[in-house]
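Colleague: What follows is a structure written as structure tokens; I'll ask about it next.
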2 protein chains.
Amino acid sequence: MNFSSKLLENAVAEFAKLPGVGQKTALRLVLHLLNQDKQEVERFSGAISKLRNEIQFCSVCHNISDLSICEICASNKRDRSLICVVEDTRDVMAIENTNQYNGVYHVLGGLISPMDGIGPSDLQVDTLVERLKTNEAKEIIFALSATMEGDTTLFYLHKRVKSFNITISTIARGIAFGGELEYVDEITLGRSITTRVPYENSLTK
Amino acid sequence: MNFSSKLLENAVAEFAKLPGVGQKTALRLVLHLLNQDKQEVERFSGAISKLRNEIQFCSVCHNISDLSICEICASNKRDRSLICVVEDTRDVMAIENTNQYNGVYHVLGGLISPMDGIGPSDLQVDTLVERLKTNEAKEIIFALSATMEGDTTLFYLHKRVKSFNITISTIARGIAFGGELEYVDEITLGRSITTRVPYENSLTK
């Protein structure tokens with residue numbers, strides 16, 4: 001693209017680095033910002049720069065936090081004997097939204113993915129093992145995506161934690177609520193038959 | 001959404017104000033930025049803030065520019081007797097990319113749109129009339145979108161400039177190159193028949 005201004009070109013190039021944002025979308029977004037008040041744009045760029053410079057990660061669960069210990073880990077209403085292991089903060093938000101979980105979390109910060117050069121040492125695995133050594137936890141729940149990366153990570157983590165005297169579980173996989181049988185893929189359907197549950201357990205509470 | 005951090009929530013809220021960006025996309029983009037180096041994020045927020053604070057608009061054609069007169073208006077290779085009137089800088093870029101136009105531009109900064117509260121006084125109309133008063137221009141070409149807003153603006157601008165002793169033209173409308181007749185809408189096809197051109201003029205040069 002032939003930009004009429006170097007400043008415009010720079011801003012578009014920066015926006016186009018974001019995932020899923022191409023040159024045309026970047027230009028549209030930048031022109032939108034150009035049409036806003038200066039204060040408005042200052043708020044936008046300020047919020048991002050402030051976020052990156054001031055954000056902290058909870059020293060216990062490694063979730064994104066404003067303080068050195070996050071609200072969930074600091075709360076005395078949460079059950080510390082139950083640790084749910086997730087990929088990132090979005091999963092914490094998703095599980096919190098269900099209002100079905102009262103334990104604490106452990107945020108790995110990613111999944112093992114050799115293709116992207118992410119190995120166990122890039123994730124919060126050692127800190128998870130350290131947490132288990134304190135004997136506070138009685139159960140650990142793996143809530144990882146049902147993908148190749150999720151399964152690889154699950155396999156690796158299980159090897160690391162199986163020696164501890166705790167219950168190890170994973171979230172249930174099966175047919176989603178509202179899902180029609182004929183549209184479910186074979187692997188999910190096949191597994192949901194082999195891992196069938198007693199009728200009483202299948203009722204929504 | 002329940003954010004674990006106020007800083008994160010603010011940044012997501014700012015991103016979600018961008019057109020076409022919802023809360024989930026905003027969160028994905030913000031988490032991507034959080035994973036980048038501090039310098040990288042500083043470059044991003046800096047580029048946007050610098051753009052908004054330092055950008056200028058060409059005093060002649062009102063296109064986005066780094067200087068008070070843009071490259072096109074300052075160039076002595078451009079034909080100043082030909083003014084192409086466009087909505088915004090994206091249209092200038094699109095026309096420049098064709099390599100078919102050697103005149104200068106006039107950027108309106110929008111189109112008349114009563115629905116969005118944009119009237120003629122919000123656009124660079126008076127400055128266009130002033131430019132015509134200098135008698136430098138011999139032809140004015142309206143290159144506006146073929147939409148309701150584009151047509152309204154065209155109608156209004158024509159009224160404002162018709163008293164000048166210049167040629168007034170609009171870009172040709174018709175069937176796009178590569179377009180198959182059976183998929184063209186009736187209005188375009190109908191008009192392309194009534195505004196048919198001599199065979200010699202239809203050849204690509």
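The numbers here are math on the coordinates, done by the rules we state, and not lab data. Predicted model, so just to flag it, every value in this text is computed and none were measured. Glycine also receives a Cβ, built like all others from the backbone with ideal geometry; neighbour counts cover every protein chain displayed.
Colleague: Could you identify the single residue in A:Val107, A:Val60 that is over 29 Å from B:Lys50 (Cα atoms), more than 10 Å from chain B (Cβ to nearest Cβ) and β-branched (Val, Ile, Thr)? Outline the logic, then answer.
Modeller: Values: A:Val107 fails: more than 10 Å from chain B (Cβ to nearest Cβ).
The conditions single out A:Val60.
Colleague: So, one more: Go through (1) more than 29 Å from A:Val197 (Cα to Cα); (2) touching a Ser or Thr at 6+ places or on another chain (Cβ under 8 Å) for A:Asp126 and report which single condition fails.
Modeller: Condition (2) is where A:Asp126 drops out.
Residues checked against (1) facing another protein chain (nearest Cβ under 8 Å); (2) more than 13 Å from B:Leu33 (Cα to Cα); (3) in contact (Cβ under 8 Å) with a residue 24 or more places away in the chain; (4) touching a Lys or Arg at 6+ places or on another chain (Cβ under 6 Å):
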site	(1), (2), (3), (4)
A:Glu9	no, yes, no, no
A:Leu18	yes, no, no, no
A:Glu42	yes, yes, no, no
A:Lys50	yes, no, no, no
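Colleague: Another question, then. Aromatic (Phe, Trp, Tyr) and closer than 19 Å to A:Glu40 by Cα: is that true of B:Phe44 in this structure? I'd like the intermediate steps shown before the answer.
Modeller: Details: aromatic (Phe, Trp, Tyr): yes; closer than 19 Å to A:Glu40 by Cα: yes.
Against the criterion (aromatic (Phe, Trp, Tyr) and closer than 19 Å to A:Glu40 by Cα), B:Phe44 qualifies.
Colleague: Are any residues in the stretch B:20-37 in a helix (DSSP H, G or I) and at the interface with chain A (Cβ under 8 Å from one of its Cβ atoms), and if so, which ones?
Modeller: Residues satisfying the conditions are B:Thr25, B:Leu27, B:Arg28, B:Leu29, B:Val30, B:Leu31, B:His32, B:Leu33, B:Leu34.
Colleague: Next up: From the set of residues in the stretch A:63-77 that are surrounded by fewer than 16 Cβ atoms within 10 Å (Cβ to Cβ), more than 14 Å from B:Glu9 (Cβ to Cβ) and of a type outside the set (Ser, Thr, Tyr), which is farthest from the other protein chains (Cβ to nearest Cβ)?
Modeller: Within the stretch A:63-77, the subset surrounded by fewer than 16 Cβ atoms within 10 Å (Cβ to Cβ) is A:67-69, A:71, A:74-77.
Then keep just the ones that are more than 14 Å from B:Glu9 (Cβ to Cβ); that gives A:67-69, A:74-77.
Adding the requirement that they be of a type outside the set (Ser, Thr, Tyr) leaves A:67, A:69, A:74, A:76-77.
On the way: A:Leu67: 9, A:Ile69: 11, A:Ala74: 11, A:Asn76: 17, A:Lys77: 15 Å.
Ranking the candidates gives A:Asn76 first.
Colleague: Among the residues in the stretch B:61-75, are any touching a strand residue (DSSP E or B) at 6+ places or on another chain (Cβ under 7 Å) and of a type in the set (Asp, Glu)? Reasoning before the result, please.
Modeller: Going residue by residue through the stretch B:61-75, those that are touching a strand residue (DSSP E or B) at 6+ places or on another chain (Cβ under 7 Å) are B:61-68, B:72-73.
Filter once more, keeping what is of a type in the set (Asp, Glu): B:66.
Yes, because at least one residue in the stretch B:61-75 is touching a strand residue (DSSP E or B) at 6+ places or on another chain (Cβ under 7 Å) and of a type in the set (Asp, Glu).
Colleague: Hey, among A:Phe44, A:Phe15, which residue is out of contact with any Asp or Glu (no Cβ under 6 Å at 6 or more places or on another chain) and of a type in the set (Phe, Trp, Tyr)?
Modeller: It is A:Phe15.
Colleague: Tell me, which residue of the stretch A:1-25 that is among the polar types (S, T, N, Q) and touching a helix residue (DSSP H, G or I) at 6+ places or on another chain (Cβ under 7 Å) is nearest to B:Leu27 (Cα to Cα)?
Modeller: First, pick out the residues of the stretch A:1-25 that are among the polar types (S, T, N, Q): A:2, A:4-5, A:10, A:23, A:25.
Now narrow it down to the ones that are touching a helix residue (DSSP H, G or I) at 6+ places or on another chain (Cβ under 7 Å): A:2, A:4, A:10, A:23.
Details: A:Asn2: 31, A:Ser4: 31, A:Asn10: 23, A:Gln23: 20 Å.
Ranking the candidates gives A:Gln23 first.
Colleague: Now a separate question. For B:Glu40, state whether it is over 30 Å from B:Thr167 (Cβ atoms), in a helix (DSSP H, G or I) and acidic (Asp, Glu). If you could, list the steps in order and put the result at the bottom.
Modeller: Working: over 30 Å from B:Thr167 (Cβ atoms): yes; in a helix (DSSP H, G or I): yes; acidic (Asp, Glu): yes.
Taking the combined requirement at face value, the residue satisfies it.
Colleague: Which of the residues spanning the stretch B:195-205 are assigned to a loop (DSSP other than H, G, I, E, B), surrounded by fewer than 10 Cβ atoms within 10 Å (Cβ to Cβ) and either of a type in the set (S, T, N, Q) or in contact (Cβ under 8 Å) with a residue 40 or more places away in the chain (or both)? Steps first, answer last, please.
Modeller: Here is the first cut: in the stretch B:195-205, the ones assigned to a loop (DSSP other than H, G, I, E, B) are B:195-198, B:203-205.
Next cut, surrounded by fewer than 10 Cβ atoms within 10 Å (Cβ to Cβ) only: B:198, B:203-205.
The one that is assigned to a loop (DSSP other than H, G, I, E, B), surrounded by fewer than 10 Cβ atoms within 10 Å (Cβ to Cβ) and either of a type in the set (S, T, N, Q) or in contact (Cβ under 8 Å) with a residue 40 or more places away in the chain (or both): B:Thr204.
Colleague: Next question. If we only count strands (runs of 3 or more DSSP E) wholly inside the stretch A:81-194, which ones have 3 or more residues that are touching a residue at least 24 places away in the same chain (Cβ under 8 Å) and within 26 Å of B:Ala26 (Cα to Cα)?
Modeller: Values: elements: A:103-107, A:139-142, A:167-170.
Of the strands (runs of 3 or more DSSP E) lying wholly inside the stretch A:81-194, those with at least 3 residues that are touching a residue at least 24 places away in the same chain (Cβ under 8 Å) and within 26 Å of B:Ala26 (Cα to Cα) span A:103-107.
Colleague: OK, next. Confirm whether B:Asn53 is in contact with a helix residue (DSSP H, G or I) (Cβ under 9 Å, 6 or more places away or on another chain), loosely packed, with under 13 Cβ neighbours inside 10 Å and part of a helix (DSSP H, G or I). Walk me through how you get there before you give the answer.
Modeller: On the way: in contact with a helix residue (DSSP H, G or I) (Cβ under 9 Å, 6 or more places away or on another chain): yes; loosely packed, with under 13 Cβ neighbours inside 10 Å: yes; part of a helix (DSSP H, G or I): yes.
Considered against the rule, which asks whether it is in contact with a helix residue (DSSP H, G or I) (Cβ under 9 Å, 6 or more places away or on another chain), loosely packed, with under 13 Cβ neighbours inside 10 Å and part of a helix (DSSP H, G or I), B:Asn53 comes out as yes.
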